[in-house]
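Okay, structure first, notes after.
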Amino acid sequence: MRAPSSVPVDDAVLPFDVAPLDLRGRLTRLGPALDELLSKHDYPTPVAKLLGEAIVLTTLLGSALKFDGRFILQTQTDGPVSLMIVDFRAPDRMRAYARFDAERLKDGLSTAELLGKGHLAMTVDQGPDMSRYQGMVALDGGTLEDAAHEYFLRSEQIPTKVRLAVGEEWRGGEGGPTHGWRGGGMLLQFLPKASDRAQRDMHAGDVPEGADIDVVPEDDAWVEGQSLISTVEDVELIDPDLSGERLLFRLFHERGVRVFAPTPLQAKCSCSREAVSGMLKGFDPQDRADMVENGKVVVTCEFCSSVYEFTPQEAGVE
């Protein structure tokens, strides 16, 4: 046992458990890495904030991978932000991209209005020799937190609560104020060792109308866990001066909380000149020919905005 560290650690996921309540969780704190991902594109503030929430959620889920695979979160909707993709490559690399309609963006739009209706897909790619797993939930007037809860309710069947927060940080200095994006999130799950305490709070499915449904009261430990995580404020999740350990201690000190080694995170795209060249060679010859402008083929990575230029010969144009 030791006192919680007061030193804040950015760009990391901190696993923890609260053994007396059979709770396990992860806490994400993002600073420079999130700012780098969002600053590569000139996103309007509402779009950047929404994509930031998707990045935080992806780190909470992708960091659970126990192998060198990928976790991909993707939304496709009819709202002003029609597409978001966050690609997490275990154990620590992430990249992200959003597509939006600037003409449909208006001041004061809620998350539900920015997203509109559509779906959120979560894909686990275990590598070329393994099959992919994909879970999907509807987006219909809720937040990303709501979608995550629905995903765990229907797909994982593990009682889960998620908190997400993203905000802008302004700091003064001799050279004038500086701006940066910060994000934080917490995922809490109830995983009792005794099978008779497992929560069966899933949807009952297609049962006949009027039929009796066995409703199991929520376990007291899970009720307490939900109550505690609901007290977390957005500012606590993104506060650059509050360490993750101290935040967890604030929440669970009465029961006792154990933290594990943090997993560092970095903003790093997987694109390269070689990868783009291989992609071009997979196109139809006529499509490659149509890409030639001013005597060259130019490809811009949607994720990191890196620009790759090729001669027609390098691009395989005959």
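Details
- Among the trypsin sites (Lys or Arg not before Pro) found in the stretch 85-185, those both in a DSSP coil and sparsely packed, with 13 or fewer other Cβ atoms within 10 Å of their Cβ, are LYS106, ARG132.
- Of the DSSP H helices in the chain, those whose Cα atoms cover at least 15 Å axially and whose Kyte score averages -1.0 or more: 45-62
- If you plug the beta carbon distance of ASP241 and LEU105 into 1/(1 + (r/R0)^6) with R0 = 45 Å, you get a FRET efficiency near 0.90.
- Listed residues ASP219, ASP284, ASP42, most fluctuating in the chain (Gaussian network, C-alpha, under 10 Å): ASP284
- DSSP-loop trypsin sites (Lys or Arg not before Pro) across the stretch 21-66, with at most 15 other Cβ within 10 angstrom: LYS66
- Straight-line reach from LYS268: taking Cα to Cα under 16 Å and skipping same-chain neighbours fewer than 8 places apart, the lysines in range are LYS40.
- Among the GluC sites (Glu not before Pro) within the stretch 147-187, those in coil by DSSP and having at most 10 neighbouring Cβ atoms inside 10 Å are GLU174.
- Between the beta carbons of VAL223 and SER306, assuming R0 = 41 Å, the FRET efficiency works out to 0.25 to the nearest 0.05.
- The alpha-carbon atoms of the stretch 31-114, seen along their principal axes, cover 41, 25, 16 angstrom, with the largest extent given first.
- Dmax and Rg, reported as Rg then Dmax, of the stretch 1-142 (C-alpha, Å): 16.8, 55
- Sum of -39500 (n - 2.57) over DSSP H runs of 4+, divided by residues of the chain (222 nm, nearest 500): -7000 deg cm²/dmol
- Candidates TRP181, TRP222, TRP170, ranked by Gaussian network fluctuation over the chain, Cα under 10 Å, top entry: TRP170
- Here the mean projected area of the convex hull built on the C-alpha positions of the stretch 1-47 is 5.2 nm².
- Compactness of the chain - radius of gyration and Dmax, Cα, Å: 22.1, 72
- Taking 0.36 nm per residue of sequence separation and removing the Cα-Cα distance, the GLN313/ARG154 pair yields an extension gain of 52.2 nm.
- In this rough spin-label picture, where each label sits 7 Å from Cα along the Cβ direction, the SER5-ASP234 distance is 2.8 nm.
- Maximal additional length on extending the GLU293-SER272 stretch stands at 5.4 nm, based on 0.36 nm per residue less the C-alpha distance.
- Residue among THR75, THR28, THR123 with the largest mean-square fluctuation in a Gaussian network model of the chain, springs linking Cα atoms under 10 Å: THR123
- Pair-distance profile P(r), taking every C-alpha pair of the stretch 108-194, with 10 angstrom steps and integer %: 13, 30, 30, 17, 8, 1
- Contact order normalised by residue count of the stretch 72-187, Cα under 8 Å, 6+ apart, percent: 18
Rule-based calculations on the coordinates, nothing more; no lab input. In this text, all values refer to a predicted model and were calculated from it rather than measured experimentally. Backbone-built Cβ (ideal geometry, glycine too); neighbour counts: all protein chains shown.
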